[in-house]
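Visitor: There's a structure below that I have some questions on.
The values are calculated or read from the model by the stated rules, or taken from the named source; none is laboratory data. Being a predicted model, the structure only gives us computed values, none of them experimental. Virtual Cβ from ideal backbone geometry, glycine too; neighbours counted across all protein chains shown. For the accessible areas, the whole protein counts, side chains as well, though only heavy atoms, and no ligand, DNA or RNA atoms are used. Shrake-Rupley method; radii C 1.70, N 1.55, O 1.52, S 1.80 Å.
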Amino acid sequence: MDNTIAIGKFGEKEACNFLISHGYTVRETNWRLGHLEIDIVAQEPGANCLHVVEVKTRASDEDFDPMESITRAKIRRLVNAANGYITHYQLAMSVQFDVMIIVGTSERYDIRFYPDAFEPPLTTCR
């Protein structure tokens, strides 16, 4: 297995463990709709809010800020994927976009959780 893929799988597993340990229910991992993907779909108990969690994992953050990879294009894809998820399952819920950064290796790592990391871009009708 490619080392990049292994690091990504490790990060997503640890992100799920983090969410579960903080009371979230993980509804889906790696949910796909065509070319769109959501790393983790989670929900807090009793909340009518769906958490779309983007996970970024790096062995090191030296000379690189993992949050820089959350670009406008990435946000647009996540918003479209979340809309597809809500539509597919016919859910009447609000959506929150969270980002989880995992830096390190399985021996030693740091988790940074950014709840409500960004707002979906708005479009206007004229």
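Visitor: Would you kindly derive the ³J(HN,Hα) couplings of region 70-86 from the backbone phi angles with the Karplus curve 6.51 cos²θ - 1.76 cosθ + 1.60 (θ = phi - 60°), listing them in order in whole Hz, with x for Gly and Pro?
Guide: These are the phi-based 3J(HN,Hα) values: 8, 8, 4, 5, 5, 4, 4, 5, 5, 5, 5, 5, 4, 4, x, 5, 4 Hz.
Visitor: Picking from Leu50, Tyr114, Tyr85, whose Cα lies most toward the positive end of the charge dipole for the chain (charges on Cβ: Lys, Arg +1; Asp, Glu -1)?
Guide: Of the candidates, Tyr85 comes out farthest on the positive side.
Visitor: Leaving out ligands, DNA and RNA, what percent of the accessible area of the chain is carbon and sulfur, probe 1.4 Å?
Guide: Carbon and sulfur atoms account for 49 percent of the accessible area of the chain.
Visitor: Amide H neighbours of Gln96 under 5 Å, at least 5 residues apart or on other chains, H built in the peptide plane: list them.
Guide: Leu50, His51, Val52
Visitor: For a quick check of your reading of the filter: which GluC sites (Glu not before Pro) in region 1-108 sit in a DSSP loop and have no more than 10 other Cβ atoms within 10 Å?
Guide: Glu62, Glu107
Visitor: Going through region 1-72, which chymotrypsin sites (Phe, Trp or Tyr not before Pro) have at most 16 other Cβ atoms within 10 Å and a DSSP loop state?
Guide: Phe64
Visitor: Given a cut-off of under 8 Å on Cα pairs at least six residues apart, what relative contact order in percent is computed for the chain?
Guide: Normalised by residue count, the contact order of the chain is 23 percent.
Visitor: Hey, another quick one. Counting Lys and Arg as +1 and Asp and Glu as -1, each charge on the Cβ, what is the dipole of region 24-81 about the Cα centre in debye, to the nearest 20?
Guide: Using Cβ point charges on Lys, Arg, Asp and Glu, region 24-81 gives about 380 debye.
Visitor: If you don't mind, another one. On C-alpha positions alone, give me the angle between the axis of helix 3-21 and the longest principal axis of the chain, in degrees, nearest 10.
Guide: Once rounded, one gets 60 degrees.
Visitor: Next question. Can you figure out the FRET efficiency of Glu28 with Ser69, using R₀ = 22 Å and their beta-carbon distance, to the nearest 0.05?
Guide: My answer for the efficiency is 0.55.
Visitor: At 1.4 Å probe size, with every protein chain present, just tell me what the per residue accessible area of region 12-109 comes to in Å².
Guide: 55
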